[in-house]
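Report on one structure; see the data block that follows.
Bear in mind these aren't lab numbers, they're just calculated from the coordinates by the rules spelled out. Keep in mind that what you see is a predicted model, and the values were worked out from it rather than measured. Backbone-built Cβ (ideal geometry, glycine too); neighbour counts: all protein chains shown.
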Amino acid sequence: MTLMHPTGPRGGSWPRPPKALQAARLGEPPAGARVTVAGLVLVRQRPGTAKGVIFVTLEDETGTANVVVWASVYERFRRAVIAGRLLRVTGRLQREAGVVHVVAEVIEDLSSLLDRLLDPGFRPDGVRAGDQP
C-alpha cells in the first residue's frame, strides 16, 4: 500500500517520504512540501560563486530532479554526496523562476542496490527468473 499525501492545490496527491516521488511528478506538490526523490547521479556541481552550495542532478526513469545541498547538510552526508552513484534525497520543494529544486535535508546512498543488477536471475519487479509472477 502506498501512503499518499493529502491533496494539493492542483488536485493531485504524491507519495510521502520515504517513498520516492518520480521526477515527472515534481510539479504536483506545492512549494515547501516535504518530498523524497531518488535516482542515478548525473552531475555534481560546486561553483566557486555558490558559497559552499552543491548542486546535484538525479535521474530516474521519468526525468531529472535538481537537488540543492547546503554546506551544513553536505557536512552531515559528505560521503553520500561525494561517492554516491544512486541517491535518495528527502527535502523541501522549492520553485524559483520556473525551476523546481529539492532542498536536501537527508541524503542516503543507495548505490549498493545497483550491485544487485548483477545477481543471476535479477528482475526489477522483484520476481526471480524461473518463478511465476
### Query
Considering only the other residues whose Cβ falls under 12 Å of the Cβ of residue 109, what net charge follows from Lys and Arg at +1 and Asp and Glu at -1?
+3
### Task
Treat every Asp and Glu Cβ in region 29-110 as -1 and every Lys and Arg Cβ as +1, leave all other atoms uncharged, and give the resulting dipole magnitude about the Cα centre to the nearest 20 debye.
300 debye
### Task
Taking the Cβ of residue 82 as the centre, find all other residues whose Cβ is under 13 Å away and add up their charges (Lys, Arg: +1; Asp, Glu: -1).
+4
### Task
Give me 28, 59 ranked fewest to most by other Cβ atoms within 10 Å of their Cβ, as a rough exposure proxy.
59, 28
### Summed side-chain charge close to residue 54 - residues other than residue 54 whose Cβ falls under 15 Å, Lys, Arg +1, Asp, Glu -1
+3
